[in-house]
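Encoded as structure tokens, the structure appears first; notes follow it.
The values are calculated or read from the model by the stated rules, or taken from the named source; none is laboratory data. Quick caveat, the model's predicted, so the values are computed rather than measured. Cβ atoms come from the backbone with ideal geometry, glycine included; neighbour counts cover every protein chain shown. In case anyone asks, the SASA skips ligands and DNA or RNA and just uses the protein heavy atoms, side chains included. Shrake-Rupley method; radii C 1.70, N 1.55, O 1.52, S 1.80 Å.
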Amino acid sequence: KGEVVMQFIENKDSTMTDLTVGKCARYASLDREALRVMRKMPKWTPGVQNDKPCRTMVCIPVVFKL
């Protein structure tokens, strides 16, 4: 088991860029799996500031329980 914290930038057009592992798990295989799953995620609704879409930095914990 372990936890990986993923970081990425969500752009105005709902695309993900700069996908990185913020906090690594004990095993590198968990980091690779978290990256694989995040790359397959559908587009998100962009962040909003002053009623306009904006770039947003997002951090998500991915918890693995075996």
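Taking the criterion of being more than 14 Å from D13 (Cβ to Cβ), open to solvent by less than 100 Å² (accessible area, probe 1.4 Å) and not in a strand (DSSP E or B), the residues of the stretch 35-62 that qualify are L35, V37, M38, M41. Within the stretch 38-58, residues that are in contact (Cβ under 8 Å) with a residue 40 or more places away in the chain reach partners that are among the hydroxyl-bearing types (S, T, Y) and open to solvent by less than 70 Å² (accessible area, probe 1.4 Å) with beta carbons closer than 9 Å, at six or more positions or on different chains, in the pairs P53/S14; R55/T17. Taking first residues from the stretch 11-24 that are under 15 Å from M41 (Cβ atoms) and partners that are surrounded by 12 or more Cβ atoms within 10 Å (Cβ to Cβ) and of a type in the set (K, R), the Cβ contacts under 6 Å between residues at least 6 apart in sequence or on separate chains come to N11/R55.
Note on the stretch 12-32: residues that are outside any strand (DSSP E or B) and either acidic (D, E) or open to solvent by less than 30 Å² (accessible area, probe 1.4 Å) (or both) total 5.
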